[in-house]
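Down below is the structure, laid out as C-alpha cells.
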Amino acid sequence: MIMMMMRIWMQRSRLNFSKVVLLPHFAERDHSIMEAEKAKEKEELALQEFNNFQKRIKELESDNLKQKQLNVALQIDLANQEDQNETFKKVINKFFEIRQYSLEAFEDANWDDKCGCLLSDPVEMWSSILMRKLPPLNTLQDALEEELEMVRNSVDNLQNKLRVGLEIENHLKKKVSELEKQKIISHQMFKNRISGLLHYHSQHRLHVVNLLDEGKSHLKSIIDVVEEKIRQLDADREQNLEPPQRDLKLYENECRDVHVSIVGDHNSVAESNIPGLKNNVIDGMGDASEAFAQAMQEKVAALLLLSQQEERHLLESNVNIVLQKKMEELQRNLLQVTSIWFLFPALQYQDFNSMLPFGYSISYPMNLIARKMIDRKLSCIYDYC
C-alpha cells in the first residue's frame, strides 16, 4: 500500500514537473507559429504589392512608348506642314508678283498684307489679268487643229503598222503550222528509218558473228594442223637423234677396248722388245683419231638438228603471234565496218570507194563488202601460214 502511494506521488510529481518545464516551451512554440503566420501574410501582401508595382511599371512603359510614337508622328507631321507652308509661301509670293506686275505696282509687303491683298481682290481683276496673259483664241484653235491632225496621222500610221503586223503574224502562224507538220512527218520517217536500221544492224551483226565463228573455227583447224606437223617433226627429230647416241656408246666402248689393248700390248712389249711396242702404239692412236672424228661429226649433226628444232619452234611461235595479230586486226576492221554502217542510215547501196582499201566498185551491199573483206583477210592469213 505504501508502495502504491509512493508510485502515485512520484507520478504526480513528474506531471507537475513536466507542466512546469514544458508549458513555457509550448507557449513559446505557439507564439513563434503565430509570428510565422503573420510574417507569411506580410510576405504575401508584399508580393502582391510588388506584382501590382510591376504591372503599373509595364503600363507606364507602354504609355511612354505610345507617347514616343506620337511624338515621332507629330514631328513628321510638323516637318510636312513646314514643307507645305514653304510651298504655300512660294505660291503666294508668285501670285503676288503677278498681281503687282499687272498693276504696275512694285511695293514690298509682309506675308499678312500679301495674303490680305490676294483675298480681297475681286474675281474680275484676275480674269482680266489672265486674258491679257493668255494668247488669242484663234492661235489656240490653230494649234489644237495642228495637234489633232498630227494625232490622226499617227493613228493612221499605227493602224497601217498594226495591219502589216497582223498579216506577218498570220503568215508566221501558217509557216509554224507547216513546220510542225513537217517536223511530225520527219520524226515519223526518222523513227521508221531507225527501226529499219536497227533491224538491219541486228541481221548483219548476226551475219558478222557467224563469219567470225567460221573464221575462228578455220583458224583453229589450221592451228591444229600446224601443231600436228610440229609433233611429227619432233618425233622425226627424236628418231634422228637415236643413232648418234648409239654411235657415241660404240665409240666409248671402242675407246675403252683400244685403251685396254694398248695397255696389254705395252705390258707384252715390255717383256719382249721395244720396236714392236712403238708400232702397236702408232696403230692404236690412228684408230682412236678416226673414231674421235666420227664421234665429232655425229655431235655436230646432233647440234645442227637441235638448232633446226629451235628455229622451228621460234618460227611456230612467230606464226602464232602473227596469226593472233591478224585476228585482232580482222576484228578491228569488222568493228569499224559495222560502226560505219550503223552511223549512216542508207549504207546498203552507197559509194564505199573512199572507205574500202581493197578497190571494190560502188553500190556494193553491206554484207557483200563485209564478206569480201573477211575473205581477203583470211586469204592473206592462209597465204602467210
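The values are calculated or read from the model by the stated rules, or taken from the named source; none is laboratory data. Being a predicted model, the structure only gives us computed values, none of them experimental. Here Cβ is always computed from backbone atoms with ideal geometry, including for glycine, and neighbour counts include all displayed protein chains.
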Practice task
Would you check if there is a residue in the range 200-213 being small (G, A, S), assigned to a helix (DSSP H, G or I) and within 30 Å of M327 (Cα to Cα)?
Solution key: yes
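Residue-wise test of (1) under 30 Å from W111 (Cα atoms); (2) at pLDDT below 85; (3) assigned to a helix (DSSP H, G or I).
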site	(1), (2), (3)
V21	no, yes, yes
A27	no, yes, yes
D30	no, yes, yes
Q69	no, no, yes
I76	yes, no, yes
Q84	yes, no, yes
K89	yes, no, yes
Problem - Condition met for E43 (assigned by TED's automatic domain parsing to the domain that holds L118, at pLDDT below 90 and charged (D, E, K, R)) - result: yes
Practice task
For the range 134-154, state whether one or more residues are modelled with pLDDT under 80, surrounded by fewer than 10 Cβ atoms within 10 Å (Cβ to Cβ) and aliphatic (A, V, I, L, M).
Solution key: yes
Practice task
Looking for whichever is under 30 Å from N333 (Cβ atoms) and at pLDDT 50 or above here; the options are D236, D213. Which one fits?
Solution key: D213
Exercise for the section: Determine, yes or no, whether E28 is without any contact (Cβ under 8 Å) to a residue 12 or more places away in the chain and in the same structural domain as P122 (by TED's automatic domain parsing). Expected result: no
Completion exercise
Those residues of the range 155-172 which are of a type in the set (V, I, T) and over 48 Å from the mean Cα position of the chain (by Cα) amount to V155, V164
